[in-house]
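Chemist: Pasting a structure below so you can have a look.
The values are calculated or read from the model by the stated rules, or taken from the named source; none is laboratory data. Predicted model, so just to flag it, every value in this text is computed and none were measured. Neighbour counts are summed over all protein chains in view; Cβ atoms, including those assigned to glycine, are modelled from backbone coordinates with ideal geometry. All accessible areas refer to the heavy atoms of the entire protein, side chains included, with ligands and DNA or RNA removed. Shrake-Rupley method; radii C 1.70, N 1.55, O 1.52, S 1.80 Å.
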Amino acid sequence: RAPGKLMLLGEHAVLHGRLALVAAVERWLTVSLTPLHEPAVRVQSALGELELPLDKLAPQSPFSFILQILAARQATLPGGLALTVSSEFPATLGLGSSSAVCAATVAAVRAWLGLPFDRSAIFTEALAAIRAVQGRGSGADLAAAVHGGVLAYRAAPLSITPLATTLPLVAAYSGGKEATPAVVHQVQELGKRWPALIGATYEQMERSSLLAAEACRAGDWAKLGQLMNFQQGQMESLGLANLSLATLVHQLRRDAGIFGSKISGAGLGDCVIGLGTLQDPAAMPAAQVMPIAAHGVELI
């Protein structure tokens with residue numbers, strides 16, 4: 001099984017070599033593997049069911065990531081297998097279900113093949129699958145799924161640094177979702193039109209993330225919350241806010257127990273996060289406490 005994630009700072013900038021902060025959360029996705037006697041692959045989840053011949057593996061919706069992982073290892077698979085996916089969170093929430101299913105699938109297949117449990121190897125294999133399917137991906141979500149805790153993450157050169165294993169975090173779902181590749185494309189087009197401005201925005205996000213990493217290590221939630229507020233403004237300048245997200249951000253900030261709040265993830269949908277403990281939960285019924293998952297993918 002592997003945990004979900006919430007992005008704390010650095011969305012979009014992380015695709016351009018800047019630092020991001022990401023947290024694994026106690027919402028788990030489980031992949032169960034059962035060997036089959038026949039040469040077939042069966043996959044079942046809340047998204048549906050699929051069966052393919054073992055020699056006809058190729059990515060297809062809704063199981064593109066799983067099938068890509070299996071196709072890449074096709075020559076070494078000892079036989080057919082069935083995979084059952086169960087999750088404590090739906091794919092629509094923006095909690096990194098794609099990365100969690102990749103981490104859990106790779107770990108399960110490696111265990112079946114008798115390979116050692118190696119987080120670095122799991123990360124490398126899962127990231128290759130994500131990029132094969134999506135065309136690109138920073139790997140920040142995957143780092144949280146594989147390693148757990150609160151991490152400082154840089155894609156190039158690759159750097160994964162543990163910062164903390166606890167953080168007072170709440171999340172509220174906006175009620176909508178935009179496909180991440182479409183949002184990334186929108187920001188890229190903005191960057192082509194205003195390269196100097198968007199480049200400067202990424203630099204400001206980098207500075208915020210570096211200061212946030214220091215605050216996280218020190219447990220300085222007031223400072224970290226202020227930096228989240230700063231970065232919310234930077235995300236808005238990239239066109240990543242809409243009315244429902246902005247409303248949730250400011251509802252959270254009105255609570256006396258919240259140090260800061262911002263969009264989490266690509267934007268234009270998914271979640272808003274707040275740092276702190278809600279003093280008036282009744283005023284934010286959509287908000288859920290999100291405990292940090294201190295460890296990442298594991299065999300159970």
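Chemist: Given the DSSP H assignment, sum -39500 (n - 2.57) over each helix run of at least 4 residues in the chain and divide by its residue total; what's the result at 222 nm in deg cm²/dmol, nearest 500?
Modeler: One gets -12500 deg cm²/dmol as the mean residue ellipticity at 222 nm.
Chemist: Calculate the dipole size of the chain relative to its Cα centre from +1 charges on Lys and Arg beta carbons and -1 charges on Asp and Glu beta carbons; express the result in debye to the nearest 20.
Modeler: With Lys and Arg at +1 and Asp and Glu at -1, about 400 debye.
Chemist: With just the Cα atoms defining each centre, how far is region 198-250 from region 28-89? Give it in Å.
Modeler: One Cα centre to the other: 38 Å.
Chemist: Could you pull the accessible area for SER61 with a 1.4 Å probe, rounded to 10 Å²?
Modeler: 100 Å²
Chemist: Only sites in a loop by DSSP and with at most 16 other Cβ atoms within 10 Å count here; which chymotrypsin sites (Phe, Trp or Tyr not before Pro) in region 99-183 make the cut?
Modeler: Hits after loop and neighbour filter: PHE117.
Chemist: On the protein heavy atoms, probe 1.4 angstrom, tell me the percent of accessible surface of the chain carried by carbon and sulfur.
Modeler: So the carbon and sulfur contribution to the accessible surface is 56 percent.
Chemist: Moving to a separate point now. Which residue, ALA121, ALA13, ALA155, has the most motion in a Gaussian network model of the chain that connects Cα atoms within less than 10 Å?
Modeler: The residue that fluctuates most here is ALA121.
Chemist: Continuing with this model, one more query. For SER244 and ASP55 in one chain, what is 0.36 nm times their gap in residues minus the Cα-Cα distance, to one decimal in nm?
Modeler: 63.4 nm
Chemist: For region 109-164, which trypsin sites (Lys or Arg not before Pro) are in a loop by DSSP, counting at most 12 other Cβ atoms within 10 Å?
Modeler: Those that pass, being in a loop and sparsely packed, are ARG136.
Chemist: Across the chain, where is the longest run that never hits GluC sites (Glu not before Pro) in a DSSP loop with at most 16 other C-beta atoms within 10 Å?
Modeler: 89-297
Chemist: Within the chain, which whole H helices from DSSP have a Cα span along their axis of at least 30 Å and a mean Kyte-Doolittle hydropathy of 0.0 or more, if any?
Modeler: In the chain, the long hydrophobic H runs are 195-218.
Chemist: When ligands, DNA and RNA are left out and all protein chains stay put, how many square angstrom of accessible area per residue does region 186-270 have with a 1.4 Å probe?
Modeler: 45 Å²
Chemist: I'd like the FRET efficiency for ALA256 and GLU38, computed as 1/(1 + (r/R0)^6) with the beta carbon distance as r and R0 of 51 Å, rounded to 0.05.
Modeler: 0.25
Chemist: Cβ under 12 Å from TYR202's Cβ, TYR202 left aside: what net charge do those residues give with Lys, Arg +1 and Asp, Glu -1?
Modeler: Combined, the nearby Lys, Arg, Asp and Glu give -1.
Chemist: Let me ask something else about it. Just one of [x] 153; [y] 246; [z] 119 is volume of the Cα convex hull per residue in Å³ calculated from these coordinates, so which is it?
Modeler: It is the one labelled [z].
Chemist: Let me ask you something else. Convert 10 °C to kelvin, take the viscosity as 1.306 mPa s, use the Kirkwood radius over C-alpha pairs of region 46-177 as Rh, and evaluate the Stokes-Einstein diffusion coefficient in µm²/s, rounded to a whole number.
Modeler: After rounding, the answer is 99 µm²/s.
Chemist: Here is a follow-up. Ranked from highest to lowest mean number of other Cβ atoms within 10 Å per residue, what is the order of the peptides 90-98, 35-43?
Modeler: Ranking the peptides 90-98, 35-43 by packing returns 90-98, 35-43.
Chemist: Return a single number: how many Lys pairs in the chain, at a sequence separation of 8 or more or on separate chains, have alpha-carbon atoms below 17 angstrom apart.
Modeler: Final tally of qualifying lysine pairs is 4.
Chemist: Could you tell me whether region 148-264 comes out rounded, prolate or oblate from its Cα gyration tensor? Rule is a ≥ b ≥ c as square roots of the eigenvalues, rounded for a/c under 1.5, then prolate if a/b exceeds b/c, otherwise oblate.
Modeler: It is oblate, given that a/c is not under 1.5 and a/b is not larger than b/c.
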